[in-house]
Amino acid sequence: MLTKRIIACLDVDGGRVVKGVQFTNLRDAGDPAELAKAHAASGADEIVLLDISATHERRTTLLDTVCRTARQLFIPFTVGGGIRTLEDAAAVFSAGADKVSINSAALADPELITHIAERFGSQAVVVAIDAKRSKNELHWEAFARGGRTATARDAVAWARQVESCGAGEILLTSMDRDGTGSGFDCDLTRTVADSVRIPVIASGGAGGAQHFVEVFREGHADAALAASIFHYGFSRLVDLKQQLSSEGIAVRWPC
Amino acid sequence: MIAIVDYGAGNLVSVKKALDWLGHDCAITSDPERVRNATRVVLPGVGHFGSTAALGRSGLHGAIADAIDRGVPFLGICVGMQWMFESSQESPETSGLGLFHGECERFPATVKSPHVGWNQIEAGASSRLFRDLPASSFMYFTHSFCAPLFEDTVACCEYGGRFSAAVERDHCFGVQFHPEKSGENGLKVLEKFCVI
């Protein structure tokens with residue numbers, strides 16, 4: 001049976017792993033290559049590295065960090081942040097990434113999704129959607145540039161569009177929940193997951209094992225991503241997988 | 001030298017990285033002569049079956065066929081395994097190697113496609129690649145098309161029905177999953193191929 005994936009995310013700034021609460025107030029959490037290896041050894045199903053300041057500061061992704069991290073990693077490895085062109089994506093793949101995650105550049109030019117998919121395959125293209133609940137609470141809006149810029153685009157409609165452009169997966173972050181530890185936004189996740197036929201990775205708000213149970217059961221997520229709860233040892237991946245397993249959710253265990 | 005065949009599509013770095021890690025002499029190459037003279041040949045997986053048409057244009061198709069005829073061990077990964085069949089519904093106009101009869105098929109509409117993630121394979125006792133693994137091991141898959149079960153299937157997987165997770169005949173092997181991305185289990189499969 002296809003298992004639900006637990007993805008450890010490394011938010012990287014200046015070559016170091018950091019984690020913000022609602023995208024600000026960063027604090028240092030360590031070396032990306034070391035953390036990635038440790039997460040893989042403890043049972044992470046996949047690693048995502050996001051260069052969180054790349055788009056903002058118009059820097060290219062830290063290719064040497066990607067290369068160093070990829071060298072010791074034999075599970076899927078996704079890299080995002082600052083990928084604006086097909087050439088940027090190609091450089092990240094050459095450095096050892098298996099998938100790229102694009103967000104702002106896809107919003108600016110949805111054809112970029114198609115171009116990367118045609119060259120590297122849909123399985124290599126993850127479109128990240130940062131979604132925030134609208135003031136009237138009726139829908140979610142997609143944000144660009146690391147949550148800094150509103151796009152007035154409906155997040156669910158955008159999800160359908162990225163699928164038709166050739167995206168292989170959607171990495172869906174709830175900006176309302178990100179960094180709060182109060183649980184994933186199951187309404188948002190379910191609405192998107194039920195609207196597309198490609199896998200949806202839920203992100204933002206993980207605070208404990210029960211939140212993962214909820215987002216798989218009620219949110220219909222195919223995978224769930226978290227950062228700080230793993231880095232700071234609030235929750236061991238091993239314990240999380242055992243609990244999911246005991247709740248009847250199929251996970252890769254033992255790894 | 002293990003030749004990792006480069007036909008101008010997709011990402012070959014991961015396979016090279018894994019073989020380097022295991023300590024085997026390997027090189028990414030698009031030169032038919034190097035493929036013909038390799039001690040082993042690996043055809044990695046890329047996104048689309050249609051991209052394998054480049055193998056025919058570049059002379060690599062013939063070079064791989066010659067190597068196989070000489071008895072050189074061959075491993076096709078993901079689309080590389082699908083190419084060992086005659087064709088795929090993904091790109092009906094593109095011919096595969098035809099080592100195995102039949103066509104690779106789309107997943108049924110009852111399941112999400114692509115099939116992405118870790119799934120269990122059930123390997124038969126006869127397979128040489130899976131000898132050191134438990135009968136049921138997790139491997140990482142990412143694909144929208146798959147090969148049906150047939151007499152050379154040595155491991156199967158369940159997703160919208162059962163399909164071939166691995167095929168094997170003589171010195172030719174194909175795996176639908178990505179051994180280079182399947183952690184310790186995957187590295188064991190690659191190591192087995194490298195010492196056959």
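Suppose R0 equals 41 Å. What FRET efficiency, 1/(1 + (r/R0)^6) with r the Cβ-Cβ distance, do A:T151 and A:R197 give to the nearest 0.05? About 0.95, to the nearest 0.05. Ignoring the sites themselves, chain A has its longest run without trypsin sites (Lys or Arg not before Pro) in a DSSP loop having at most 16 other Cβ atoms within 10 Å at A:60-134. Shape analysis of the stretch A:5-246 yields a ratio of the Cα radius of gyration to the Kirkwood radius, Rg/Rh, of 0.93. For the stretch B:6-143, just say rounded, prolate or oblate: build the C-alpha gyration tensor, square-root its eigenvalues into a ≥ b ≥ c, call rounded for a/c under 1.5, and beyond that prolate if a/b exceeds b/c, oblate if not. Since a/c reaches 1.5 but b/c is at least a/b, the shape of the stretch B:6-143 is classed as oblate.
Identify which of B:A125, B:A65, B:A109 has the largest mean-square fluctuation in a Gaussian network model of chain B, with springs joining Cα atoms closer than 10 Å. Maximum fluctuation in the GNM of chain B, among the listed residues, is at B:A109.
Among beta bridges identified by DSSP and lying wholly in the stretch A:5-246, the antiparallel ones come to about 30 percent. With both residues required to sit in the protein assembly as shown, DSSP beta bridges show an antiparallel share near 45%.
Annotation note: trypsin sites (Lys or Arg not before Pro) in the stretch B:18-78 located in DSSP loop regions with a Cβ neighbour count of at most 13 within 10 Å are B:R70. Dipole check for the protein assembly as shown: with +1 at the C-beta of Lys and Arg, -1 at the C-beta of Asp and Glu, and the Cα centre as origin, the magnitude is about 600 Debye.
Just check the protein assembly as shown against the gyration tensor rule for me: Cα atoms, a ≥ b ≥ c as the square roots of the eigenvalues, rounded for a/c under 1.5, and otherwise prolate or oblate depending on whether a/b exceeds b/c. In terms of gyration-tensor shape, prolate. For the stretch A:179-255, what does the alpha-carbon gyration tensor say about shape, rounded, prolate or oblate, given a ≥ b ≥ c as the root eigenvalues, a/c under 1.5 as rounded, and a/b over b/c as prolate? Oblate. Separation of the alpha carbons by more than 29 angstrom is noted, of A:K37/A:K132; A:K135/A:K241; A:K99/B:K112, for A:K37/A:K132; A:K135/A:K241.
When you filter the GluC sites (Glu not before Pro) in the stretch B:123-190 for DSSP loop state and at most 12 other Cβ atoms inside 10 Å of their Cβ, you are left with B:E151. For A:G80, the residues 5 or more places off, or on other chains, whose built amide H falls under 5 Å of its own are A:L49, A:L50, A:D51, A:S101.
Throughout, read-outs are computed from the coordinates displayed, never taken from laboratory work. A quick note: this is a predicted structure, and the numbers were derived from the prediction, not measured. In this analysis, Cβ positions are derived from the backbone assuming ideal geometry, glycine residues included, and neighbour counts consider all displayed protein chains.
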